[in-house]
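Just so it is clear, none of the values below were taken in a lab; they were calculated from the coordinates. Computed from a prediction, not measured in an experiment: that's the story for all the values here. Cβ atoms come from the backbone with ideal geometry, glycine included; neighbour counts cover every protein chain shown.
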């Protein structure tokens, strides 16, 4: 009985370590959201499986037959690598992501994005004349990290011209795509994670609106998500 209790304590320690790791994952995202509750529950169960089975073993050891106890012990042994394997998924394919649409969080990003993403295409501050402001930020890590940041606003003519001149000066090599309805798009491609990500600035002279966006891909085929600017129907061009 003492040996079983020691085993129970040992496996409970493993479960506590796993739980601590999971808690760290929750707090590793700045605006934590759960994208799949079923997946989250499965990973939680896998992480706690050795402790659950050891508790069952202690509970039934007083009245169960020896072969039942032996079977549970075998399951415990196999549950340990399953529990540790679940930590791999928590780290590299977590059921969590970071997302906000609060303009008060403008460019307050997760640490990874701060360190790895050039966000200079966005204005440092929202221009004073801005109205009809819409902001979206999403970051997640599924095998590899990806992020999607979006800002749309209407400006006064002077601020509109100033922003377009800023983009022209900072990105002289940007690909310029003329679109319908007096709209002009500045497209910048840059290397990210040994592939390429995109920065766009879209200027519409008809209502002096500007869209800024940074996304992992233009189509979403790389990471499986459609970029937010496409979901919002910002660009009506055949080039996207």
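Testing the spin-label approximation: label points 7 Å from Cα along Cα→Cβ at residue 19 and residue 63. State their distance in nm.
2.7
In segment 2-92, if every C-alpha pair distance is counted and binned at 10 Å from zero, what percent goes to each bin?
Spelled out bin by bin, segment 2-92 gives 16, 43, 25, 12, 3, 0 percent.
Between residue 12 and residue 134, 0.36 nm times their residue separation minus their Cα-Cα distance comes to what?
39.2 nm
With angles folded into 0 to 90 degrees, how steeply does helix 37-60 sit against the dominant principal axis of the chain? Use alpha carbons for both and round to 10.
Relative to the chain, helix 37-60 is tipped by roughly 10 degrees.
What Rg and what Dmax come out for segment 97-200 when only alpha-carbon atoms are used, in angstroms?
Final numbers for Rg and Dmax: 14.6, 44 Å.
Using helices alone, what [θ] at 222 nm do you get for the chain, with -39,500 (n - 2.57) per DSSP H run of 4 or more residues, divided over all residues and rounded to the nearest 500?
Computed ellipticity for the chain at 222 nm equals -14000 deg cm²/dmol.
Note the angle between two axes, namely the Cα long axis of helix 66-92 and the longest principal axis of the Cα atoms of the chain, as a number of degrees from 0 to 90, rounded to the nearest 10.
The angle comes out at about 20 degrees.
Which FRET efficiency value, to the nearest 0.05, do you get for residue 80 and residue 116 by plugging their Cβ-Cβ distance into 1/(1 + (r/R0)^6) with R0 = 41 Å? Show your work: numbers first, answer last.
Values: r = 35 Å, r/R0 = 0.85.
My answer for the efficiency is 0.70.
Using 0.36 nm per residue of separation minus the Cα-Cα distance, give me the extension gain between residue 124 and residue 91 in nm, one decimal.
Contour length minus the Cα-Cα distance gives 8.7 nm.
Rounded to the nearest 10 degrees, what's the angle between the helix 2-27 long axis and the longest principal axis of the chain, both from Cα atoms, 0 to 90?
That works out to roughly 10 degrees.
For the chain, report the translational diffusion coefficient in µm²/s to the nearest whole number, using Stokes-Einstein at 4 °C, 1.567 mPa s, and a Kirkwood Rh over Cα pairs.
For the chosen part, D equals 62 µm²/s.
For a footprinting-style exposure proxy, rank 177, 34 by other Cβ within 10 Å, fewest first.
Numbers: 177 16, 34 13.
If I rank by nearby Cβ atoms, fewest first, I get 34, 177.
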